[in-house]
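What follows is calculated from the coordinates using simple rules that are stated; it is not laboratory data. On a predicted model such as this, the values are computed, not experimentally measured, just so you know. Quick reminder, even Gly has a Cβ in these numbers, built from the backbone with ideal geometry, and neighbours come from all protein chains shown.
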Amino acid sequence: MNEKQAIELLKKYAPTEKDFKEVFAHAKLVQRLALRIAEDIVCNGNHVDIKFIITASLLHDIGRFKTGIEGKDVIKHGIIGAEILRKKGLDEKYALVCERHLGSGIDEQDIKEQNLDLPLKNYNPETIEEKIICYADSLIYNNKEITIEKVIERYSKFSKRSVEKTKKIHNEIENLRGK
């Protein structure tokens with residue numbers, strides 16, 4: 001999967017041109033930030049699959065074409081996106097980015113405590129690439145890059161665990177970046 005193929009896949013699943021433009025604009029911002037983060041991590045002597053970041057960051061929200069941008073089903077867009085990519089025969093690692101990019105990760109305890117309409121499963125990002133895309137996505141809100149403080153403020157309305165996970169992923173990424 002390359003960048004051009006990822007864009008074509010997004011276009012294929014977008015119900016309208018407007019929907020495509022909305023999701024694609026967000027995905028491009030996430031991609032740019034994820035690439036900046038990944039390049040810092042590589043420059044600091046760590047390995048990151050940059051080609052994967054380029055395509056997976058574009059595809060992370062493909063499920064929004066089925067759930068919409070807002071509403072009660074939006075929490076399912078990661079699972080639905082993963083299903084789409086699995087049906088298309090993409091490598092499992094793309095599907096896992098879709099499933100694991102929500103918030104700073106969601107697990108069974110979060111699902112129970114927040115009464116989330118998700119199958120009981122661990123959706124925490126695990127690989128460095130998943131963590132980078134998840135982190136970059138949390139920093140892009142209303143198509144603007146926001147501070148980690150604003151992310152923490154937003155996530156504090158969900159749970160204390162969401163805030164702790166956000167701080168943990170922030171510290172891990174920034175440490176790998178050498179900052």
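What to note about this one:
- Pairs from Lys21/Lys144; Lys72/Lys112; Lys51/Lys150 whose Cα-Cα separation, in the structure shown, is over 27 Å: Lys51/Lys150
- Taking the helices alone, the chain has a mean residue ellipticity at 222 nm of -20000 deg cm²/dmol, built from -39,500 (n - 2.57) per DSSP H run of at least 4 residues and averaged over all its residues.
- Reduced Cα scattering model of the range 1-99, Debye log10 I(q)/I(0), q = 0.17, 0.20, 0.24 Å⁻¹: -0.72, -0.96, -1.27
- Tyr141 long-range amide H proximity, modeled H, under 5 Å: Ile146
- In terms of packing, defined here as the mean over residues of other Cβ atoms within 10 angstrom, the peptides 126-134, 142-150 line up highest first as 126-134, 142-150.
- Kyte-Doolittle mean at least -1.0 and Cα axial length at least 24 Å: DSSP H helices in the chain: 17-43
- Within the range 79-159, all pairs of alpha-carbon atoms sorted by distance into 10 Å bins from zero give the percentages 18, 43, 34, 5.
- Average projected area [Cα convex hull, the chain], square nanometres: 9.4
- Note on the range 43-100: Cα Rg divided by 2.2 N^0.38 Å, N the number of residues, gives 1.25.
- Projecting the Cα positions of Tyr141, Gln114, Ala34 onto the charge dipole of the chain (unit charges on Cβ atoms of Lys, Arg, Asp and Glu, taken about the Cα centre) puts Tyr141 furthest along the positive direction.
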